[in-house]
Each structure stands twice: as structure tokens, then as C-alpha cells.
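Worksheet for the structure shown next.
The values are calculated or read from the model by the stated rules, or taken from the named source; none is laboratory data. Remember, predicted model here, so these are calculated numbers, not experimental data. Positions of Cβ are backbone-derived with ideal geometry, glycine not excepted, and every protein chain shown enters the neighbour counts. What goes into the accessible areas is simple: the full protein's heavy atoms, side chains included, and nothing from ligands, DNA or RNA. Shrake-Rupley method; radii C 1.70, N 1.55, O 1.52, S 1.80 Å.
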Amino acid sequence: MSIDRFLQNPHAGSPFDDSPAALQQVLKEISVPALLCSMVHMTGDPSWIRESSRPRTAGPTVLDGGMPDEEQADVRREALHVVLSWRDSGYPVHMPNRDLLREMMEFLAAGPIASEAFDLMEFDLQLDGVDRGAVTWGKAIDDAVKADSPVVVIGAGMAGIQAGIRLSQAGLPFTIIEKNSGAGGTWWENRYPGARVDVASHQYCYSFEPADHWTEYFCQHAELRSYFTHVLEKYELSSHCRFDTEVTGAKWDEEDAHWKVSVKTREGKTDAITARFVISAVGSLNIPHIPHIDGADEFAGPSFHSARWPEGFDYRGKSFALLGAGASGFQIAPTIAYDVKQLSIFQRTAQWVMPNPIYHKAVPDGESWAMRHLPFFGRWLRFIVTQAGVVAGTDSFRIDPKHNDPLHQSVNEINAMVRDYFLNFMQEQLEGRPDLIEKSMPNYPAMGKRILQDNGSWFQCLRKPNVDLIRAGIERIVPEGILTVDGKIHKVDVICYATGFRHNDFLAFDVVGRKGASLRDQWADEPTAYLGISVPNFPNFFMCYGPGTNLAHSAGLFFHAEFQTMHAMDAIQKVLAAEASTIEVSQTAHDKYVDELTDEISSLVWSHSSIRHSHYKNAQGKVYTLSPWSIPAYWRKARNVYINDYRID
């Protein structure tokens, strides 16, 4: 294979001249199931996935597929000869037909894959090297029409960058407004010690911009920030960005059929930007939530939200109070416990914890080498860490009214098995500490809140002599520390609020649509949108990560961002192609979709009546933030505009 052919398909591998001994070492460090699929591409022989050496199980943390060590060793020995022969033959690449492609997917999944899930995963794999979501209609629109159709994108995080790439491909003028000084959204802001993604790194990236450089299977914030900056620069989006600029409001001008987007710089300078279309990509982890606690302003030491961790803050040798032990606090505590004098963790609700043995594991050099050089190895590794969450759907989260669990720790038979798996892990980790087991025992169904992942670091942190897990409620904050309802004063030097975000407040500003309709008033505490993307009374306005699109059952936010951007771009294309002015979802389509969504979400575990203090729920205990749909189902619903659900004028 020539270098040109490698450039045409970046997934097909690149030439190498490593010695047999070096290759032997590489093969010791890589996923054998992904290697077997790569060997099909090298040889054109599907028998590699038809023999007895095959995965027994599948999941994002089971990269070896549960294959016995001796089987893996046999495959690696055979693979050395295959890889050398492939190189000596000029790197020929064999592409599977659809039947063989499905067989390869089901081999890695250790089970059948439904047709809709197969189509989605084929879309994501992009074995032909073609970006399946790329916008190709730009040249069909008159240049003058495009020039008169500016777009404002709000936010330069995951979805905002995606939108910028697609708008650039369409040839439309656009501006990305970002309140921070750089790209990455939540990964620009969250720099607290231990901040890392809880989705496998090789999934947590754009399908058209995979990364083989991750140093950890669940990478930390600095790498994520660098990745987003790299993508921003590669697609030349920086010149379209206005950093350190905050959107303060948006108002629809009916006469001109344009939006007026009000902005303010960090220095206080205000401006108004005219846009024909607006894409809001502000994200959900955007507005920090700091609970009201009496006396908070009286505390004598430093206090801050975890998303506003001070640059260079030195916590060593201090008595440190951590308010909250959810996703952020769960990462902060084990990271700082060895260096602080005393760590007091104030936890309102015990969390369910899923064991993840590779949560802090480094990616071996051999695995990175294989992603660069072996044909489609990186794509199949991405498939391994992705497919379980995509194909599983939501049935295992459904509340079975006949299921009986007096402790309210499960909602169906499968969920009970998950509960037992989590409980066994916790009890093993905290053996000999019944006090900690009691404090760590959740009183709501497994998977009912955001699940936390642990390789043992959290539970071992709790066992340390300088760590105190406090379940007593907080009465007030006093100058020297925190007073709990049991009358005890916990003296601390620092308070960190790891108390999450205002998930039900999707926008930090108001949007005013037709006839003065306020989006903030229209939503109140029940935010809704058709597909989480469009809202009646707000023409030419689209959202990524809008109401009802957050995920608690799958790690597919990059998928969602892609589908939502595809939907917005399809809507824009339909307006421009029709030489129309506006597109707006109908009230009927919106209401029908919302009824379906609320009916479905009410039958799933996150709506269970035993769950309190959930950021998924509003004040009335209803869930409007989460998606109840499987990833394939949402892909079917959202990736294209169904024209009958919209009005184009």
C-alpha cells in the first residue's frame, strides 16, 4: 500500500519498520479481540473471528473480552507472523462486506446486534475513512444567500466545536461565542485535582477525529483540553471564536427575521451580533450549583466551587472540607487525601459505585502503536469501549411494578443483579469497616443517580486515618469551620463545594422569541424541547444538549452532539434551499414528542419515588433533563429533519 492510500484512509494504518522483537512486545500490550479483527483486514480471512479463540464478554473496561490468558498468548504468537507477512506484502487491506462487518461486530460484542444498532455502529466506525456526518450541500446554495445567513454558536465545548466544523463545511459565516479563554467547555473549567472523564477516552472523541495519543484509558482534564484545542486549530475555527465573551441574551426580530444576540466581554464591553440562525451549545455542566447554607459568608478561610478551583491552589497540610461526594468530589478526595492534614467529606446521599479496574490505568505504548499502524485496530478498539452502552438500550433501567425490593435498592430482576455486584465490590473494599459500609450504603435503586466508577481508590481513601466521611447534615458554616446538626463543629481551613451544577437551568441568559415569548418563562422548571433541539415560538434556534438529552444510561454524548448538529444543519439547509426565512417546530409536534418522552422517562429508574436529592429531578420530583431513548433510537429520531414536524416560511 502506498503512503497516498494511507493518507486517503487514516484508519488503515501507516508503514513501520519495527523489528520482530519490538513487534512481539507490542502484541503483548494490546487488546486481542481488536487485534483479531485487524487480522481479518490484513489477511482477508474471516476465520480469525470464527475459531474458538473469541471474547466471552464485552464492555468498556473488558478490553480482553474475558479471553483466557493462554488463548490470548496463542493469538499473539500467530499474530506476529501475520503482521510481518502483511508488511512484507505491501500492507494490503481487505474491507469486509456488510455481512462480515456484522459478524465482526457480533464477535466483539459477544452476542447479537440489532439492525438499528448495527447501522449506527457502521456509521460510527467509518472504515472507509469518510466523515459520514460531513456537510456536503454547501456548494448547492448560492454564495450570496450563504453570505446573508450568519450563524451564532453559543459555546466552544464539545458540541460548539462540532457545530463550527459543520458550518465551515457548509460555507456559512459564523461566530462562536465562548465565555472562557479557550475551547473545551466543562474541560476548560474543571481543573480540580483528579478531574478525569468517566467515559472511555477512545470513545470520548469525535468519530471523525479519533485520538491515538491518550495516555490513560480514562484520561484527565489536561489531555481533554489539549484535544479540543487541537481540533479547533486543525479545522481553523479560532478566527471564528470570540473568547472571554459571555452571551447575556438573545431576541428575535420579527421584521428582519434575525436574532440579536447580546454579548459582554470580560472587561464589560457590550455588543449585539445579528444572526439568521442560533445554535446553543452551552452544555449541562455549565452553571455551578452552590447550596444556600447559613453562615457561608462568615467562613474565615478560602472557599470555592470545584469547577472554580483556584489556579495553583496549595492544599497540602491543610484541613480540607469537601462538601459533596458525587462525580467531582469522588475524584477530588482520593487525589488530595495523601497530602492534606485532614479531609472531611460531607456526603448527603451515599452513591452507587461501579468497579472499573482500568479507571486510572495508563494506555500501554503498544496499544498506541497498534492504533497508528495496524489496519482499523483503533476503530475496533473504539467499538469495544462503545458498543455495550449503545446496544444495551434502557430495558434494564425499567421499573417493574411486580418487582419487590423492600429496601428500594433495585427496580427489576436485572437491576437487582447489578445492585448485588456493586454491593459485593463495596463490601470487599471496606471489609473490616462496618461503620463505613453502613455510611456508604445507598437507600435508592442502583443506577438511579449518576453512577460513579472506582478502581478501589475511593473506598481506600475512606479507610485512611486522616479521612472522615460525615453523613450528618450541615446546620451552618461558622468562621472556623462547619457545624453539623449533631452539634459538632468540624474545624477546617478550606471549603470546596463539589455540589454539582444547575442541570435544570439550561441557559444562563434569557431568549426572547416571537411576540415577546420568554424561553425562561415558557420553561419555568419544566424545560422541554422537540428532540431536545427545537422549541415552538423560537424560529431558527437550535440546541445541542438541550432538555431531555442528558444521558444516564449510556456514554454517548459525542453521539448526541453529532446527531443534534446534523439536525440543525439539515434544518438550515431546508430554509436556504427553499429561499425561505424561518423554520420553526410546530406546537403539535413538540407536545407529542414531550408526551412520549415524559411517559417513557416516568417508567425508568431515575424517576423512582425513593430517589431524593437528584439533580436529574426538578423541585416537583419530575425528570426533564434525561433522555429515555437508546442511542440508536435517538439517532433515528434526530439525525434528519422530519419536515412535517416543522413550518418553513
When residues of the range 179-215 are limited to those that are charged (D, E, K, R) and either open to solvent by less than 10 Å² (accessible area, probe 1.4 Å) or closer than 21 Å to LEU322 by Cα (or both), the one modelled with the highest pLDDT: ARG196
Inter-residue pairs, beta-carbon under 9 Å, first over 16 Å from ILE611 (Cα atoms) and in the range 393-415, second in a strand (DSSP E or B) and open to solvent by less than 40 Å² (accessible area, probe 1.4 Å), 6+ apart: THR394/LEU604
Matching residues in the range 99-140 - criterion: being in contact (Cβ under 8 Å) with a residue 24 or more places away in the chain, part of a helix (DSSP H, G or I) and either among the β-branched types (Val, Ile, Thr) or exposed (fewer than 13 other Cβ atoms within 10 Å of the Cβ) (or both): LYS139, ALA140
Test result for THR528, buried (at least 19 other Cβ atoms within 10 Å of the Cβ), out of contact with any Cys (no Cβ under 9 Å at 6 or more places or on another chain) and either modelled with pLDDT of 95 or more or assigned to a strand (DSSP E or B) (or both): yes
Residue that is surrounded by the most Cβ atoms within 10 Å (Cβ to Cβ) [pool: residues in the range 398-429 that are part of a helix (DSSP H, G or I) and of a type in the set (Asp, Glu)]: ASP420
Tally of residues being open to solvent by 30 Å² or more (accessible area, probe 1.4 Å), part of a loop (DSSP other than H, G, I, E, B) and under 13 Å from GLY155 (Cα atoms) across the range 229-268: 2
Residue within the range 309-317 that is touching a helix residue (DSSP H, G or I) at 6+ places or on another chain (Cβ under 9 Å), at pLDDT 95 or above and among the charged types (D, E, K, R) present: yes
Selection within the range 502-523 - surrounded by fewer than 19 Cβ atoms within 10 Å (Cβ to Cβ), under 14 Å from SER284 (Cβ atoms) and of a type in the set (A, V, I, L, M, F, W, C): ALA508
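At least 3 residues that are farther than 30 Å from ALA275 by Cα in each: list the strands (runs of 3 or more DSSP E) lying fully within the range 474-514 that qualify.
474-478, 481-484, 489-491, 494-497
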Close pairs (6 angstrom Cβ cut-off, 6 or more residues apart or separate chains): touching a residue at least 24 places away in the same chain (Cβ under 8 Å) and among the small types (Gly, Ala, Ser) in the range 16-41, in a loop (DSSP other than H, G, I, E, B) and open to solvent by 10 Å² or more (accessible area, probe 1.4 Å) anywhere: SER31/LEU63
So SER603, is it in contact with a Lys or Arg (Cβ under 7 Å, 6 or more places away or on another chain) and surrounded by fewer than 20 Cβ atoms within 10 Å (Cβ to Cβ): yes
All positions within the range 310-347 that are open to solvent by 30 Å² or more (accessible area, probe 1.4 Å) and assigned to a loop (DSSP other than H, G, I, E, B): PRO310, GLU311, GLY312, PHE313, ASP314, TYR315, ARG316, GLY317, LYS318, TYR338, ASP339, LYS341
Residues of the range 378-397 satisfying the condition of being of a type in the set (D, E, K, R) and buried (at least 18 other Cβ atoms within 10 Å of the Cβ): ARG379, ARG382
Sole exception among (1) touching a helix residue (DSSP H, G or I) at 6+ places or on another chain (Cβ under 6 Å); (2) assigned to a strand (DSSP E or B) for PRO375, by number: (2)
Residue in the range 544-602 that is nearest to VAL390 (Cα to Cα), counting only those that are among the aromatic types (Phe, Trp, Tyr) and modelled with pLDDT of 95 or more: PHE563
Tally, over the range 81-98, of residues that are part of a helix (DSSP H, G or I) and open to solvent by less than 30 Å² (accessible area, probe 1.4 Å): 3
Breaking point among (1) under 16 Å from TRP629 (Cα atoms); (2) of a type in the set (Gly, Ala, Ser); (3) in a helix (DSSP H, G or I), for ALA555: (3)
Residue check, GLY171 of a type outside the set (Lys, Arg), crowded, with 18+ Cβ neighbours inside 10 Å and either in contact (Cβ under 8 Å) with a residue 60 or more places away in the chain or in contact with a Lys or Arg (Cβ under 9 Å, 6 or more places away or on another chain) (or both): no
Subset of the range 287-336 [on the phi > 0 side of the Ramachandran plot and out of contact with any strand residue (DSSP E or B) (no Cβ under 9 Å at 6 or more places or on another chain)]: GLY312, GLY317
Set PHE174, PHE118: member being touching a His at 6+ places or on another chain (Cβ under 8 Å) and modelled with pLDDT of 95 or more: PHE174
All positions within the range 19-65 that are in a loop (DSSP other than H, G, I, E, B), surrounded by 13 or more Cβ atoms within 10 Å (Cβ to Cβ) and among the hydroxyl-bearing types (Ser, Thr, Tyr): SER31, SER53, THR57, THR61
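Suppose we keep only residues that are open to solvent by less than 70 Å² (accessible area, probe 1.4 Å) and part of a helix (DSSP H, G or I) within the range 626-649. Which one would you say is farthest from THR499 (Cα to Cα)?
Checked the range 626-649; the qualifying residue farthest from THR499 (Cα to Cα) is ASP645.
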Some residue of the range 261-268 being closer than 30 Å to PHE208 by Cα, in contact with a strand residue (DSSP E or B) (Cβ under 9 Å, 6 or more places away or on another chain) and basic (Lys, Arg): no
Selected residue (criterion: farthest from the chain's Cα centre (by Cα)) from residues of the range 348-371 that are among the aliphatic types (A, V, I, L, M) and either part of a helix (DSSP H, G or I) or under 19 Å from ARG196 (Cα atoms) (or both): ALA370
Any hit, the range 605-625, residues being in a helix (DSSP H, G or I) and not aliphatic (A, V, I, L, M): yes
Residue that is farthest from PHE538 (Cα to Cα), among those in the range 283-295 that are touching a residue at least 40 places away in the same chain (Cβ under 8 Å) and open to solvent by 30 Å² or more (accessible area, probe 1.4 Å): ASP294
Search result, residues across the range 29-81 that are over 18 Å from MET105 (Cβ atoms) and among the β-branched types (Val, Ile, Thr): ILE30, THR43, THR61, VAL75
